1. I'd like the residue in region 66-75 that is in contact with a Leu (Cβ under 6 Å, 6 or more places away or on another chain) and part of a helix (DSSP H, G or I) and, out of all such residues, is surrounded by the most Cβ atoms within 10 Å (Cβ to Cβ).
2. Restricted to region 362-390, and to residues that are of a type in the set (S, T, N, Q) and closer than 15 Å to Ala426 by Cβ, which residue is surrounded by the fewest Cβ atoms within 10 Å (Cβ to Cβ)?
3. Among the residues of region 297-307, are any part of a helix (DSSP H, G or I), at negative phi and surrounded by fewer than 20 Cβ atoms within 10 Å (Cβ to Cβ)?
4. In region 262-281, how many residues are in a loop (DSSP other than H, G, I, E, B) and at negative phi?
5. If we scan region 418-434, do we find a residue that is at pLDDT 95 or above, within 28 Å of Leu305 (Cα to Cα) and within 19 Å of the chain's Cα centre (by Cα)?
6. Give Ala487, Ala578 a once-over and let me know the one that is surrounded by 21 or more Cβ atoms within 10 Å (Cβ to Cβ), touching a residue at least 40 places away in the same chain (Cβ under 8 Å) and closer than 25 Å to Ala134 by Cβ.
7. Hey, can you tell me all the residues within region 337-357 that are of a type outside the set (D, E, K, R), in a helix (DSSP H, G or I) and surrounded by fewer than 24 Cβ atoms within 10 Å (Cβ to Cβ)?
8. Going through region 497-553 one residue at a time, which ones are without any contact (Cβ under 8 Å) to a residue 12 or more places away in the chain and of a type in the set (Lys, Arg)?
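The values are calculated or read from the model by the stated rules, or taken from the named source; none is laboratory data. Values in this document were obtained by computation on a predicted structure and should not be read as measured data. For neighbour counting, all protein chains shown are included, and Cβ atoms are generated from backbone atoms with ideal geometry for every residue, glycine included.
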Amino acid sequence: MSLTLNLLGRPRIHSGSDDHTVRSRKSWAVLAYLLLGDRAPTRAELAALLFDEADDPLRALRWSLSELRRALAGHAVLEGDPVVLELARDVVVDVAVVSRGSWAEAMELPDVGAELLAGVEVAGAAGFESWLLAERRRVAAASEAILHEAALGAMSQGRLDRALGYATRVAAMSPLDENHHALLIRLYRMTGDEAAAQRQLAICTEMLARELGTTPGAAVAAALRERRVDDREAATHASIEALAEAGAAAVAAGATETGADSLRAAVRMADRRDHARLRLSTRLALAGTLVHSLRGLDEEGMATLLAADDIAAGLDDAAAMAEARAELGYVDFLRARYERAEVWLSQARDLGAGDPAVAAKATTYLGSVESDRADYVSALLHLAEGRRLAGRAGDGRRAAYAAAMLGRVHLLRGDLPEAEAELDTALDLCVREHWLAFLPWPQALRGQLELARGNASRSAEVLDQAFARACQLGDPCWEGISGRGRALAAEARGETDLAFELLADARRRSNRLSDPYVWLDGYILDAQCTLGLCHGHPETADWVDTLRLLASRTCMRELNVRSMLHGAALGREGEAAAAARQARSIANPVLLRLLRD
């Protein structure tokens with residue numbers, strides 16, 4: 001009989017109709033730490049983390065381990081030093097399903113969205129409390145991500161009532177996320193409930209104005225253009241293909257909004273004819289435009305990709321499934337839904353193993369995910385493999401992307417010669433491939449490299465050029481990364497007030513749309529915290545708290561450690577020890593030097 005470990009909500013171990021009893025809160029704490037920690041802890045570490053106030057910490061730990069063995073009898077092996085928990089194949093862990101399972105599997109769980117270990121508070125264990133707070137934030141973000149995916153997935157299958165239920169739950173979890181409001185508006189319009197769509201628009205508008213001082217953006221505007229599902233145009237096979245070709249040509253020529261509207265019409269017409277191949281091809285073309293050419297519409301793009309993936313699965317078209325899942329992984333990567341991104345990208349890489357272009361895309365994005373999460377060794381391996389595959393495919397732009405991300409990893413780790421080589425390669429490839437739309441990213445990183453070398457004047461020159469190009473393109477991400485660099489260059493010149501102004505401006509620019517690159521926000525925040533501590537800025541504590549919340553929710557491990565170090569500099573008890581503990585698995589010499597300082 002299978003066993004389910006429910007850590008969401010009130011924890012319990014369930015088998016058939018029976019619940020297995022675990023009486024001690026600390027035993028639940030041990031179980032959660034073993035299941036969710038990033039490495040197997042030694043007995044001494046576990047005892048110090050949870051039982052330090054006991055007369056005999058190791059004996060207290062042995063008692064908890066014995067209690068867990070009784071509860072898991074026949075379904076797990078729990079032994080050793082370090083302590084390793086090996087679960088039988090029939091054991092289901094609800095947090096693992098939420099993080100790495102399909103949305104359909106996750107929606108069968110009873111407590112998606114509930115707090116991790118609800119009601120389990122462990123007194124006298126500050127280190128564990130810090131870990132648990134971070135895990136609760138991460139798991140809450142994972143629950144939000146899977147509910148969001150479920151809403152889009154149900155919508156793509158035409159199960160609109162179910163999609164509305166999921167969308168309502170996810171909007172309640174993050175009421176300031178414009179994408180969640182856009183999804184509800186889209187669903188209301190698809191069901192023909194215009195009054196509900198307008199009410200949701202009013203709620204969104206009032207909330208964004210009151211809390212953030214902003215107005216709804218492109219995602220909401222696109223949702224308001226959504227048509228009822230039975231609003232169809234009749235067309236022939238040839239006319240649909242012609243319309244799709246015209247849309248793609250318009251996008252290539254720079255008329256992206258016009259092209260996207262043509263592709264949307266082609267999708268509706270293909271649905272009317274119920275031609276699976278046309279329904280798939282038009283959706284893939286539309287999704288590519290929404291994700292890569294039109295800013296602020298990743299939400300619509302993700303819904304389109306999920307529908308394409310369903311159609312491709314029905315056709316047993318592995319290549320199309322790989323393409324759709326690689327793009328789904330890319331969107332989740334940008335939004336810092338890293339566990340979901342890893343699932344999609346790993347599947348895309350496996351499905352597209354025979355196509356070096358698709359495999360290069362998936363592998364390069366996987367490397368980018370690992371870089372954001374500070375698994376630098378894995379990131380370097382994936383990115384190097386992605387570049388190799390891009391070379392096989394003759395895809396110079398993908399190779400430029402991989403080189404730029406390799407350069408970023410080396411820059412973050414302080415390996416400046418390697419960073420210089422990779423970033424110069426990326427810049428050369430961008431010029432050779434006429435990919436000026438990507439050029440500001442490696443250029444901004446190159447400017448930061450010059451700053452790290454102490455070449456302030458050269459750094460300012462490169463960063464100003466990157467910023468000018470980014471503004472010309474109107475790309476929030478490129479504006480943000482180059483703006484951060486310009487701020488640090490200003491600080492190096494002694495212009496501290498300007499540096500703070502430029503950092504605030506960089507955050508505003510990078511977050512002005514509803515689908516920002518979330519890691520970049522944390523990267524800019526880290527610079528704000530560093531300068532704030534150096535100069536005693538009154539907002540420093542707020543910046544540190546914001547960085548901590550962002551990094552812990554998304555599992556940006558290095559930025560989370562940095563937020564703790566900033567907290568320790570503010571005099572917060574236990575932060576330095578927690579930072580040192582979490583930094584052990586991060587292979588970054590720069591971070592290790594910060595810990596020693």
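1. Of the residues in region 66-75, the ones in contact with a Leu (Cβ under 6 Å, 6 or more places away or on another chain) are 68-69, 75.
From the residues that got through so far, the ones that are part of a helix (DSSP H, G or I) too are 68-69.
Values: Leu68: 22, Arg69: 13.
Among those that are in contact with a Leu (Cβ under 6 Å, 6 or more places away or on another chain) and part of a helix (DSSP H, G or I), it is Leu68.
2. As a first pass, look at region 362-390 and keep what is of a type in the set (S, T, N, Q): 363-364, 368, 371, 378.
Applying the additional criterion that residues be closer than 15 Å to Ala426 by Cβ yields 364, 368, 371.
Details: Thr364: 29, Ser368: 28, Ser371: 23.
This residue is Ser371.
3. no
4. Here is the first cut: in region 262-281, the residues in a loop (DSSP other than H, G, I, E, B) are 274-275.
Right, trim to at negative phi and you get 275.
Residues flagged as in a loop (DSSP other than H, G, I, E, B) and at negative phi within region 262-281 amount to 1.
5. no
6. Numbers: Ala487 fails: closer than 25 Å to Ala134 by Cβ.
The unique qualifying residue is Ala578.
7. Here is the first cut: in region 337-357, the ones of a type outside the set (D, E, K, R) are 338, 341, 343-348, 351-354, 356-357.
With the extra rule that they be in a helix (DSSP H, G or I), the set shrinks to 338, 341, 343-348, 351, 356-357.
Scanning region 337-357 gives Val343, Ser346, Gln347, Leu351, Pro356, Ala357.
8. Of everything in region 497-553, just one residue is without any contact (Cβ under 8 Å) to a residue 12 or more places away in the chain and of a type in the set (Lys, Arg), namely Arg508.
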